[in-house]
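Written out below as structure tokens is the structure these notes cover.
Every read-out reported here was derived from the displayed coordinates using simple, explicitly stated rules and does not represent laboratory data. Worth saying up front: this structure is predicted, and the values here are computed from it rather than measured. Positions of Cβ are generated from backbone atoms using ideal geometry, with glycine treated the same way; all protein chains shown enter the neighbour counts.
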Amino acid sequence: MAGTHPIVEVVVPDALAFDWVTHDQAVDVGPFHFPAAVPVPVAAEGNAPARYGWLNVPFAGRPPVTGELEDEGSPAHVSGRELLRAYLDGHLSERAPDFHDLVDEIGRCLVIHASFGAGEPWFEEARDVFSRVPDGESLFDVLINRAKLRVAEGRHYVGDGDEALTEYVIARLLYQGAHLLSPATPGVLLEMGALTHDMAHTLAVEGDVGDDEWRLPLAREAAHLLKLALADRDVREQTPALFLLAINRETLGDRDDAKEAYARFLASPAADRFPDVAKAARRRSDRLHPGNG
């Protein structure tokens, strides 16, 4: 599909397959409030990313949800559409485990669509519904903690491209959810940018996938996220974010912008905090000098 996000195109081609269930009036499903004009997304058949349990959503009346990775098992045998219809018809109690499964599936659908569904119907609406949950702090903590654990798992499996990609994609989705809940938190933007950078430059992608399909779009996205994070002084002075920004600008062919970012990193306190990164920045910057071609 033209315009499909490269992660969907290459790694999870069924991730945007949803059934959008309409309803006659505003409806609340767990912590998610859907206005009458906004349908509720559930996973279409075959959409494994939306059906496996990488996100459980805390809300009032549900037993505590931790930030630890849990046994995801296999997708529920009952379809999300059937569970949602049962709930809307008054046949599914909010205390039932099936209802908790339904809320989790809807949460995953919202995060996936809000991450990768730009240009698709209901994109902004999905972002709004997810971002407006009550008690977003509890959900934010779950998202951040699980994202960090997923990144650690991805690094563990970095020699296994498929496994590492799966972990990184899930981590990216979890960070996206945290960003929706707290869009001005620079640490989340930094983690999203660094993760996207790693996907673009570190992980091998199997098959006939060229730079235009994978590395360049992700490098462009990483540069955008890192630039937003760098509005924060602590990010500029205490992390190698400027170095990562420079690499991605260099990848995109923006030589002057890359040189500027390398120079800003080398002039910052972060260069002293990360001496090995500073050495790499000097080498890369020197290669970009016009006299060196």
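The table that follows gives values for the structure above.
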| quantity | calculated |
| --- | --- |
| Gained length - Ala118 relative to Asp28, 0.36 nm times residue gap less alpha-carbon distance | 30.0 nm |
| Sparse-neighbourhood loop sites, trypsin sites (Lys or Arg not before Pro) in segment 113-151 - DSSP loop, at most 14 other Cβ within 10 angstrom | Arg132 |
| C-alpha long axis of helix 215-229 to longest principal axis of the chain, angle in ° | 90 degrees |
| Length released on extending from Ala37 to Ser131, taking residue separation times 0.36 nm less the Cα-Cα span | 32.1 nm |
| Where N is the number of residues in segment 1-101, Cα Rg divided by 2.2 N^0.38 Å | 1.17 |
| Cα-based reach from Lys259 at 28 Å (exclusive), listing lysines while leaving out same-chain residues under 8 positions away | Lys227, Lys279 |
| Rounded to 10°, Cα long-axis angle of helix 186-201 versus longest principal axis of the chain | 70 degrees |
| Within a Gaussian network of the chain (alpha carbon springs, distance under 10 Å), most fluctuating of Ala36, Ala194, Ala222 | Ala36 |
| Potential lengthening between Asp141 and Asp254 on full extension [0.36 nm per residue; Cα-Cα distance subtracted] | 37.0 nm |
| Per-bin percent of Cα-Cα distances, the chain [5 Å] | 1, 5, 11, 15, 17, 15, 12, 9, 6, 4, 2, 1, 1, 0, 0 |
| Cα Rg, Dmax (largest Cα-Cα span) when computed across segment 51-122, Å | 13.1, 36 |
| Whole-number D in µm²/s for segment 128-224 (Stokes-Einstein; Kirkwood sum over Cα pairs; 10 °C, 1.306 mPa s) | 114 µm²/s |
| Projected label distance in nm at Glu9 and Thr66, using a 7 Å step from Cα toward the beta-carbon | 4.0 nm |
| Rg(Cα)/(2.2 N^0.38 Å) for segment 164-273, N = residue count | 1.06 |
| Cα-based helix-to-principal-axis angle, 241-251 vs the chain, degrees rounded to 10 | 80 degrees |
| Structure-based [θ]222 nm, the chain - -39500 (n - 2.57) summed over DSSP H runs of at least 4, per residue, nearest 500 | -17500 deg cm²/dmol |
